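One structure is given below, encoded as structure tokens.
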Amino acid sequence: MTRNEPTVEEVDENELEVDKPKDWAAGIPGVYYSMQPAVKHMGAERTAKTLLSLNQKDGFDCMSCAWPDPDHRKTFEFCENGAKAVTWEATPVVISSDFWAEHSITDLLKHSEYWMGMQGRLTEPVYKPAGEDRYKPVSWEDAFSIITKKLNSLASPDEAAFYTSGRTSNEAAFAYQLFVRAYGTNNLPDCSNMCHESSGWAMGQTIGIGKATVTYKDFEMADLTIIMGQNPGTNHPRMLTALEDAKHKGAQIVAVNPMPEAGLKRYKNPQRVSGVVGNGTEMADQFLQIRLSGDMALLQALSKRVLDAEAKNPGSVLDHAFLERHCQGLEELRAHLADLDEQAVLEATGLRTEEIDELANRYMKAEKVIICWAMGLTQQTKGVATIKEIINLLLLRGNIGKPGAGASPIRGHSNVQGDRTMGIWEQMPPAFLDSIEKEFGFNPPRAHGTDAVQTIEKLRDGDIKFFMAVGGNLVAAVSDTNATEIAMQSADMTVQVSTKLNRSHAVIGKEALILPTMGRTEIDIQATGEQFVSVEDTVCAVHPSWGKVEPVAPNLLSEVSIVTRLARAVLGDKVNVDWTGFERNYDVIREHISHVVGGCESYNEKIRQEGGFVLPNGPRDSRTFNTPTGRAMLTVNELQHVERPSGTLILQTLRSHDQFNTTIYGHNDRYRGIRNGRHVVFVNPEDLAELGIEDGQLVNVHGEYNDGAERILRKFRIVSYPTARGCAAAYYPEANVLVPLGHLAEGSNTPVSKAVIVRLEPTQPDDDDSMTPQDAGADVPAPA
């Protein structure tokens, strides 16, 4: 295959430029930065074919986030990051066979995520034998044979782990988990382990379901939307349109975040005249600049104010009818919050009493309230407890199960929620496993498997020897980069199913394979004709996704084809599953889904309805709660204050505007004023003065965690920035090197990336200057 050679150079961090952060989002620049890369890399015809199909009812679902689609779709139903994601996937640039002869594993380790992603689409299976330093092209038959031989040689199925990214379709996810369980293990870690696992546990324990209790329409009906630990302007840009519509109908918006974000200040909607030639829409009516990990204290203080107001005017504040009929635990919560120390709250939050009072008054005046959140809450030590406090606050005034109100975790990956619905979880409940047994005639394993962090630990300890990932980039995504990379290199074999290169293709086991797959943008033709797949968004809406452009190479297989062919090779006739039928016609998979997955009955019929269908949701639909008591649970949670020793800061990791998860589209973060670089640390100017460090100075960032390991980001530039006092921020995934593998959220095992204690030290002339473009923390050797 002829390779359209990309012209990509690594960015020189010495050319980094810093400007003032913006106070508005989108507008004409949003259009320019959507279309310019698309036309440049795909051409006008391919750009039109893809972007005009993006998020349309007869098109394909955007892979860049899980924000829901409105009933009425605009012609341009996409945002800047969606356009970048499509451009990244649908590029006609491909990697030829010559690439693997030109680039060894040792060479790939020296390159950045950006450079690897820009090399183009993967088009043929490649294999790196043990003891060698290069991949070499192999046939699909040989690739499956190599994997089969390894899997069938393991002493136990639990010596293998099978990871899933949120880009995987429902059909591929269902087939994948079925293959893994038929093989004999529940080792099914996924990207949700690192993001909204805390939401799932908190909501499951309190209201019986770990999903949003709102629909898209609820946002425009809400009187008040509180957005906590979330930056929709960069991570879910289309959400700004829904918030703008709500504002125009009189809703109030409150932002709670350590950093001010442009999208929650002002939104210039490029599809409105006011967003093009006017000032756009003012978004947040109130901004509470909270200290990192102070959210739990704020929520408890709000609930206490609600209860105190009820005590002063009985019957006027709480929703007594709702609480008496549907809830449990009110008196225990009331007694617990009676002793809440206001001074402790102020210290934990960094807020003033007046700010908390103002938000409490807004909440009590509003009849319909939605609370949204994302990684800013879930990746805290007390992430589960914090989200339980959101549920407490909502339940007190009956803000679950009525129009315009509810709890809304905002998922960041387009089908991460659907994958979990389809069975991608190391702890699926017995009822699901019973349905698998009834449908397919084999008893799946019942013991819980390993999550993402546990998988890394078992790779490190030699208990897991085989690792496979369908999508994603776990090596870069998970915490403690150095420890993770050493663990992954301990594997006997690693297998990656991918569209493009990333760090996980360079940090590999003794043997390694890359299996190239189709993207969501591409037309999928199987034996019975063109196929479609389905996905679930953040509000439980399931809809079809149809590829619209020809695959970039004739040798590509769909994810369903890869999974089913591998299952046939590995399992043989071990189980009575029609893997060939699965691949020939995806309706066969969906028919099985309708028998196994709750809420998916008549799946083939419902998915063909215009716009798909919405899964049932007890709290939202009927105020029914699948908890042990059948009631929603108000819970008592002990407040924990994150101590910041003298001379240290609390650091959070975050995305830039030019990236999606670990995928780096470019080196600009224009809303925060960063251009041509990523090696920066955002610090409050008052903290800089206190620490004796200057804006623009180069520092080494030391992680302060008492486990004996050295964790350092070297030669990062200080950016004086209006973040909360005592708090700092650096980009993910580079800053993952600072997050210890054992620093986990209580109850969910999610890496705590939003409360990392760090110390800044000015660089010295003799500091190590050997950092690679990929990792400013440490060098990792190539595999033997």
Using distinct alpha-carbon pairs, which all enter the 1/r mean, Kirkwood radius of the range 589-642 in Å: 14.2 Å
Of Lys217/Lys268; Lys217/Lys249; Lys382/Lys402; Lys247/Lys388; Lys110/Lys458; Lys20/Lys715, pairs whose Cα-Cα distance is over 18 Å: Lys217/Lys268; Lys382/Lys402; Lys247/Lys388; Lys110/Lys458; Lys20/Lys715
Nonlocal amide H pairs with Thr517, under 5 Å, H built at 1.01 Å: Ser498, Thr499
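How high is the relative contact order of the chain? Use alpha-carbon pairs under 8 Å, at least six apart in sequence, and give a whole percent. Let's see the in-between values first.
On the way: 1790 pairs, mean separation 170.7, N = 784.
22 percent.
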Mean separation of Cα contacts under 8 Å, 6 or more apart, over the residue count of the range 65-128: relative contact order %: 41 percent
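Mind pulling up the Rg/Rh value for the range 204-356? Radius of gyration and Kirkwood radius, both on Cα.
Working: Rg = 17.9 Å, Rh = 17.7 Å.
Looking at the range 204-356, the ratio lands at 1.01.
What is the dipole size for the chain, taken about its Cα centre, with +1 at each Lys and Arg Cβ and -1 at each Asp and Glu Cβ, in debye to the nearest 20?
On the way: 77 positive and 106 negative charges, 360 e Å.
Once rounded to the nearest 20, the dipole reads 1720 debye.
Classify the range 55-120 as rounded, prolate or oblate from the Cα gyration tensor: take a ≥ b ≥ c as the square roots of its eigenvalues, call it rounded if a/c is under 1.5, otherwise prolate when a/b beats b/c and oblate if not. Don't skip to the end; give the middle numbers.
Values: a/c = 4.23, a/b = 2.78, b/c = 1.52.
Because a/c hits 1.5 or more and a/b exceeds b/c, the range 55-120 counts as prolate.
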Heavy-atom accessible area ranking, 1.4 Å probe, most first, across Phe287, Phe467: Phe287, Phe467
Centroid-to-centroid separation of the range 110-180 and the range 386-428 [C-alpha atoms, Å]: 32 Å
Computed E for Arg759/Asn14 - FRET, C-beta separation, R0 22 angstrom, nearest 0.05: 0.35
In the range 1-90, the GluC sites (Glu not before Pro) that fall in loop regions by DSSP, at most 13 other Cβ within 10 Å: Glu9
Listed residues His103, His743, Pro554: farthest to the positive end of the dipole of the chain (Cβ charges): Pro554
Two-decimal Rg/Rh across the range 347-465, once Rg and the Kirkwood Rh are taken from alpha-carbon atoms: 1.10
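Ignoring ligands, DNA and RNA, what percent of the accessible area of the range 62-179 is carbon or sulfur (1.4 Å)? It would help to have the intermediate numbers written out before the result.
Numbers: 1840 of 3630 Å².
The value for the range 62-179 is 51 percent carbon and sulfur by accessible area.
Ignoring everything except DSSP H segments at least 4 long, calculate the 222 nm mean residue ellipticity for the chain; use -39,500 (n - 2.57) per segment, divide by total residues, nearest 500. It would help to have the intermediate numbers written out before the result.
Numbers: 31 runs with 270 residues, N = 784.
Result for the chain: -9500 deg cm²/dmol, rounded to the nearest 500.
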Charge dipole (the chain, unit charges on Cβ, about Cα centre) - positive-most of Thr123, Val277, Thr648: Val277
Gain upon complete extension [Asp285, Lys217; 0.36 nm per residue less C-alpha separation]: 22.4 nm
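Given a Förster distance of 60 angstrom, what is the FRET efficiency for Asp573 paired with Asp767, based on the Cβ-Cβ distance and rounded to 0.05?
That gives a FRET efficiency of 0.50.
Given just the C-alpha atoms of the range 490-637, how large is their convex hull per residue in cubic angstrom?
Numbers: hull volume 31.9 nm³, N = 148.
Output value, Cα hull per residue: 215 Å³.
Over the range 589-673, what is the relative contact order in percent, taking alpha-carbon pairs closer than 8 angstrom and at least six residues apart?
Details: 44 pairs, mean separation 9.2, N = 85.
Value for the range 589-673: 11 percent.
Determine the share of the range 7-47's accessible area contributed by carbon and sulfur atoms, expressed in whole percent, with a 1.4 angstrom probe. Don't jump to the answer; show the numbers that get you there.
Values: 1390 of 2710 Å².
Of the solvent-accessible surface of the range 7-47, carbon and sulfur hold 51 percent.
In Å, what Kirkwood hydrodynamic radius results for the range 669-720 from the alpha-carbon pair distances?
12.2 Å
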Full-stretch length increase - Ala335, Lys365 - with 0.36 nm per residue and alpha-carbon distance subtracted: 8.4 nm
Cα gyration tensor, the range 174-281 - rounded (a/c under 1.5), prolate or oblate: prolate
5 angstrom amide H check on Gln659, placed H, neighbours 5+ away: Tyr665
For the range 173-237, with +1 on Lys and Arg beta carbons and -1 on Asp and Glu, the positive-most of Leu178, Trp201, Cys191 along the dipole: Leu178
Ranked order, Asp766, Asp461, Asp357, Asp537 - accessible area, probe 1.4 Å, largest first: Asp766, Asp461, Asp357, Asp537
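With +1 on the Cβ of every Lys and Arg and -1 on the Cβ of every Asp and Glu, and nothing else charged, how large is the dipole of the range 480-628 about its Cα centre, in debye rounded to the nearest 20?
On the way: 14 positive and 20 negative charges, 29 e Å.
Charge dipole of the range 480-628: 140 debye, to the nearest 20.
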Where the chain is the region considered: accessible area per residue in Å², 1.4 Å probe: 35 Å²
For the chain: rounded, prolate or oblate by the Cα gyration tensor [a/c cutoff 1.5]: rounded
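The values are calculated or read from the model by the stated rules, or taken from the named source; none is laboratory data. Fair warning: this is a prediction, and the values are worked out from it, not measured in the lab. Because the Cβ atoms are built from the backbone with ideal geometry, glycine has one as well, and the counts that use them run over all protein chains shown. Just the protein is used for accessible areas: all its heavy atoms, side chains included, with ligands, DNA and RNA removed. Shrake-Rupley method; radii C 1.70, N 1.55, O 1.52, S 1.80 Å.
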